[in-house]
1. Looking at A:Ala419, A:Ala378, A:Ala399, which is the one that is farther than 30 Å from A:Ser229 by Cα and at pLDDT 95 or above?
2. Within region A:151-162, is even one residue within 11 Å of chain C (Cβ to nearest Cβ) and touching a residue at least 24 places away in the same chain (Cβ under 8 Å)?
3. Report every pair of residues separated by at least 6 positions or lying on different chains whose Cβ atoms are under 8 Å apart, first residue within region B:381-393 and in contact (Cβ under 8 Å) with a residue 12 or more places away in the chain and small (Gly, Ala, Ser), second in a helix (DSSP H, G or I) and surrounded by 16 or more Cβ atoms within 10 Å (Cβ to Cβ).
4. Which condition from (1) farther than 30 Å from C:Val389 by Cα; (2) at pLDDT 95 or above; (3) not small (Gly, Ala, Ser) is the one that A:Ile36 breaks?
5. Regarding B:Lys289, is this residue within 11 Å of chain C (Cβ to nearest Cβ) and surrounded by fewer than 24 Cβ atoms within 10 Å (Cβ to Cβ)?
6. Within the group B:Phe94, B:Phe85, B:Phe90, which residue is surrounded by 24 or more Cβ atoms within 10 Å (Cβ to Cβ), out of contact with any strand residue (DSSP E or B) (no Cβ under 7 Å at 6 or more places or on another chain) and without any contact (Cβ under 8 Å) to a residue 60 or more places away in the chain?
7. For region B:127-180, give me each residue that is among the polar types (S, T, N, Q) and either touching a strand residue (DSSP E or B) at 6+ places or on another chain (Cβ under 9 Å) or crowded, with 22+ Cβ neighbours inside 10 Å (or both).
8. Considering only residues that are in contact (Cβ under 8 Å) with a residue 60 or more places away in the chain, within 10 Å of chain B (Cβ to nearest Cβ) and either surrounded by fewer than 24 Cβ atoms within 10 Å (Cβ to Cβ) or part of a helix (DSSP H, G or I) (or both), which ones fall in region A:311-338?
Amino acid sequence: MGNIAACCRSFWCKPKNPDIRISLPAICFVWQIAMIILFGLFVRYDDESDAHWSEHKHKNNITSDIENDFYYRYPSFQDVHVMIFVGFGFLMTFLKRYSFGGVGFNFLIAAFGLQWALLMQGWFHSLDPNDGLIKIGIENIINADFCVAGCLIAYGALLGKVSPVQLMVLTLFGITLFAVEEYIILNVLHVRDAGGSMVIHTFGAYYGLTISWILYRPKLDHSKNLSGSVYHSDVFAMIGTLFLWMYWPSFNSAIADHGDGQHRAAINTYLALAASVLTTFAISSLSAKKGKLDMVHIQNATLAGGVAMGTAAEFMISPYGSLIVGFVCGIISTFGYLVITPFMEKYLKIQDTCGIHNLHAMPGVLGGVVGAITAATASESVYGHEGLVNTFDFEGNYAKRTPATQGGFQAAGLCVALAFGIVGGAIVGFILRLPCCWGDPSDENCFDDEVYWEVPEDEESIPPILEYSSHMVGKNTDMIENTIGYNTL
Amino acid sequence: MGNIAACCRSFWCKPKNPDIRISLPAICFVWQIAMIILFGLFVRYDDESDAHWSEHKHKNNITSDIENDFYYRYPSFQDVHVMIFVGFGFLMTFLKRYSFGGVGFNFLIAAFGLQWALLMQGWFHSLDPNDGLIKIGIENIINADFCVAGCLIAYGALLGKVSPVQLMVLTLFGITLFAVEEYIILNVLHVRDAGGSMVIHTFGAYYGLTISWILYRPKLDHSKNLSGSVYHSDVFAMIGTLFLWMYWPSFNSAIADHGDGQHRAAINTYLALAASVLTTFAISSLSAKKGKLDMVHIQNATLAGGVAMGTAAEFMISPYGSLIVGFVCGIISTFGYLVITPFMEKYLKIQDTCGIHNLHAMPGVLGGVVGAITAATASESVYGHEGLVNTFDFEGNYAKRTPATQGGFQAAGLCVALAFGIVGGAIVGFILRLPCCWGDPSDENCFDDEVYWEVPEDEESIPPILEYSSHMVGKNTDMIENTIGYNTL
Amino acid sequence: MGNIAACCRSFWCKPKNPDIRISLPAICFVWQIAMIILFGLFVRYDDESDAHWSEHKHKNNITSDIENDFYYRYPSFQDVHVMIFVGFGFLMTFLKRYSFGGVGFNFLIAAFGLQWALLMQGWFHSLDPNDGLIKIGIENIINADFCVAGCLIAYGALLGKVSPVQLMVLTLFGITLFAVEEYIILNVLHVRDAGGSMVIHTFGAYYGLTISWILYRPKLDHSKNLSGSVYHSDVFAMIGTLFLWMYWPSFNSAIADHGDGQHRAAINTYLALAASVLTTFAISSLSAKKGKLDMVHIQNATLAGGVAMGTAAEFMISPYGSLIVGFVCGIISTFGYLVITPFMEKYLKIQDTCGIHNLHAMPGVLGGVVGAITAATASESVYGHEGLVNTFDFEGNYAKRTPATQGGFQAAGLCVALAFGIVGGAIVGFILRLPCCWGDPSDENCFDDEVYWEVPEDEESIPPILEYSSHMVGKNTDMIENTIGYNTL
């Protein structure tokens, strides 16, 4: 019996070996080659990016190149692209010695994820029935970036505690789950979720939190000295925060309907975000001695309004409605950092490095609820007949759906997102815990770039002068010169 | 008599208490709730962002969604948005220990200011006479960002010396004054100022300088050790500089006329900025021993060309005219940092932390003058009849205005901006000096994030080793180990 | 004989004097004034940025302002602008003590270069035959930014080893050579190169490498202690990397054909870049002990896919073709950093600070080859008749050119770019070696901002305590207090 226990322990708790020299290159090469083959078999340009565009124009009576979807969406795409790589990347540089890992692994998994997302989403949404090929254009690459965002949110919970190999696996499964979940929510249930409160944020957050729960590290406080920030790493993180904050109106409007849809989504998001900032500063100041503000709150909770407007941004929620959503979310999210994150870590055994529960999970769920209510209360008097049909796509099979029914389906969509996040996270978490050459760090080496990166010696780092210490007095001069030597580099 | 003096002193010069735990949350909550109520009463979507857009299209024979103003202005809006939050924010991170305050308080007051600006500007410019409601669209949110810029410029003069509570008050009044001033200049005087040389820069700079004059701190040199930069804070500030510099063409063209107006404004600003860079480098190098360049000049004076093109950018100033404006402004602005800022501090008792007099006040006034001259000399031979009418809006009541008259009105507009800045600044400065729970720092604690922020301990910070110093010789070993301890984190 | 040798040596090897107080201001002023005069003589607005646009619209039956080229290209222009100033600028901040020089001199020479480029390119491409004037619009300023990119690439090889005066000269000649080379390639040979694999990257890289070869510094290892990075300088460099990476689709599509051309170029570049990231991480990890990643690779080689898609991005290379290009380039480029750069430095005497041979030269040449092959294999079945004509501009004099011939000309274009880079670089390198008041640093002072910048004293820097060292024992207390003094600022 003791033997079995010991055997189990030795099976599940092998000493960690963070050497990824074989596993990371192998996974990168194999998956990239797989992408090339699959793209070769399945992916082509769509009507608007193919050289046959000029013929397509004639056929469809399009008078001008400016009608190409590229010109409707490219500026928003680039803003979203910045959010994915600089926004998420730099938001995760706040740790004092994990900035390389924060921005670097974010880069790696996003670059892989968007390729796999183009395929997965393509099979579900952009398959040409004539030839069985996926036809891609600007909207597909925006959606691929969105899909990746779900996995980057999950990374936020695991920051500093997993290996890049694990992250690649997390991303492969995450994208797959995302595409299925998105298909069920958007196509089967015919739910509207342009900015992804449910599809992206709720799913991504619960996916990451569940994985973090399964990968719980009881001795994580051994890495305590590296789990905080330093002055300049906090300023770096503000780059991420601000680019996310500024470009969020583009995130929520990027794939909204042409014309008033995109226009309204941008305005609503702009307002909700502004309100979040004020309540975040208020709660942060209220909660500390002498009213001192906490950078963690400013870096994160100010963004909650954008998350929560993901579903309702394109609806006629009205400007003051957006402000209310932002107002509430700033409070909830900051409160989460103050109370819920420590509670979850202590009692639920969920270690959430970036606090994604406060920034994505709660505001995401709230956003889904707000969307359901706003949809349920939509009326022709507010939208106009044509506006209502356009906004909710009450066409074809759905021509007879009423706003009230739509509200119900919206709520159902939220449940689907939650279920996929939790169940999917449990499965992937279990896989990532299998004893295998994952290369994850030991509890003592979490939050440390030294594990996976060649870290440059800092000018402030001390050259080996321990040897002087035993016969110090007579060597003072040497020590001082040495000190000067490295400081005046 | 002495009693009264003492009483006065005790009234005006109470010891500072920078605790903002009650005042900051209170002001944030009260004002945000006020915004929600006022938005609820007054603010709705305009024709292009409302769900009735499709009906509006039919009614006005608009054939395509791409004609929605969103597609004309959204890319420029996002660039302006980046300038407000990353540009101004990071430009103010240059101080060694006030980066949190620079970027953080900039974030706070901009997020509040844009809401209040939507209301104030809305009442003046976007009121629907049918229902008394403000109708907002993309142009309103660009203008709100512009309005906020005026207050952020003022913050530049006060950086490190005021509390966030004072900044909120400064912003509330600043936006109010701005909206009135803007209404008088643009609507009453019918002046053109697309990029805001007068309306934004001149007003904002004199508003801030006057406040700084009234809040003069005679013992500010007690904070001298924190009033400079460190190597990496200067690099952070360059992020702000470059995003301002790169996106300034969008700033000056964002609300210019569709078509040639936006196109020309972008080109002119692009050229003026390029010329500023060369003369800034030249004067900076010329003024120092061995020609060493000063980062303060590069961070700021390179932008002067953009400020000075704010009025004339959409006029036919011609490419070489833009270069001349940039050339002159780079010289004046750098010269300002070398001579005028120290002079103002010593003799006029105006402490101008970021040197906004050099970057915004002088180039802003110059921009107003350039605009007046360019307008006065405009002619049908250069603009074409239709072009002249479009560019200067010589329509309706103003159909008979000549370019010469327009030039005169432009000059009058400059005077209005100056007057509002100085008088408004005097009033607000006086308010901010009233003995009250402003929470501003004492002279010893200026430029220090410790006052309002939870600042992380730096890895370089020294653990308490003072205790060793009295019996040092025998403890050398400890000290060294200690040193190694904190350096090799 | 010995006399002549000594004389020669004293002529060629004068002691370095990096004082630029006269030369830098002189060159800035003279050249900026020259620009103003030349712009006054030659440069005017084009039809779309001139106030006569409304008349132009009527004449050409243009129904809407949105047809102004500004709206097709301005968003891409701004992205390119960010790449030039933040992308290239911050990519060069990676050195521990040359961040000011990296981002600052990049700023200076780009701001000068774009003016000269507007003239040089204008004479070749935008001359109005009616009046002999250059007419500029949005496409001209994009092209000016492109032209500047060539010189900034060259700067990458020389980073830290040349003076700003030398850089200005390098830029003047570089822009001139670029414009001639571009004219020959694009107009005489009628080659397509929208993203500039050949015109920009190949030319720029070989231009810089040849100059670096001629300016070889045998004793550069005297500056070895400054030739690396520190932790935070590597994070700064990631800002540059990411903005280059994210906006590269705009770079390659900015001047592509309206409609499908721009659309396809963006998608292809997006895919190639994603593939580069994966192979870069793979090779970087594979090459190091324990699989530790090297920031130099991540900062640079991830971009190789964008360089290599410069020519073929607007062709029907198909999505999987783009992935293959990115896949190969990531490998080649990382391999270059591991093997070729050290080899070149040791055996070919080419010191390449930023490794532009790996990031621009090799991928640029590869991009030219890929472009030639893709063009040669183009067919009407893939492009459609109209699409083929549009994509390759088989109109006018070139109406009868076949894809196969076009492929040959593409290859010829690559040779022209190479020849201009190497021969031009040799000439300019020789000029920059002439004994003259260039102000370049001595071998001991390379990579050091102290030479050209007023560098702020860091809080970590040590105050002069050498004086204590000779009578140390009794002064320990002072030293420690001193230490505390500067550390607890």
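1. Numbers: A:Ala378 fails: at pLDDT 95 or above; A:Ala399 fails: at pLDDT 95 or above.
A:Ala419 is the lone residue from the list that is farther than 30 Å from A:Ser229 by Cα and at pLDDT 95 or above.
2. Of all residues in region A:151-162, those within 11 Å of chain C (Cβ to nearest Cβ) come to none.
Checked against the condition, which is being within 11 Å of chain C (Cβ to nearest Cβ) and touching a residue at least 24 places away in the same chain (Cβ under 8 Å), region A:151-162 yields no hits at all.
3. B:Gly387/B:Asp260; B:Gly387/C:Trp53; B:Gly387/C:Ser54
4. (1)
5. Working: within 11 Å of chain C (Cβ to nearest Cβ): yes; surrounded by fewer than 24 Cβ atoms within 10 Å (Cβ to Cβ): yes.
Yes.
6. Values: B:Phe94 fails: without any contact (Cβ under 8 Å) to a residue 60 or more places away in the chain; B:Phe90 fails: without any contact (Cβ under 8 Å) to a residue 60 or more places away in the chain.
So the residue among B:Phe94, B:Phe85, B:Phe90 that is surrounded by 24 or more Cβ atoms within 10 Å (Cβ to Cβ), out of contact with any strand residue (DSSP E or B) (no Cβ under 7 Å at 6 or more places or on another chain) and without any contact (Cβ under 8 Å) to a residue 60 or more places away in the chain is B:Phe85.
7. To start, the set of residues in region B:127-180 that are among the polar types (S, T, N, Q) comprises B:130, B:140, B:143, B:163, B:166, B:171, B:176.
Matches in region B:127-180: B:Asn140, B:Asn143, B:Ser163, B:Gln166, B:Thr171.
8. Our first condition is that a residue be in contact (Cβ under 8 Å) with a residue 60 or more places away in the chain; within region A:311-338, this holds for A:311-316.
Then keep just the ones that are within 10 Å of chain B (Cβ to nearest Cβ); that gives A:314-316.
A:Glu314, the sole residue that qualifies.
The values are calculated or read from the model by the stated rules, or taken from the named source; none is laboratory data. All figures in this text were calculated on a predicted structure; none of them were measured in a lab. Because the Cβ atoms are built from the backbone with ideal geometry, glycine has one as well, and the counts that use them run over all protein chains shown.
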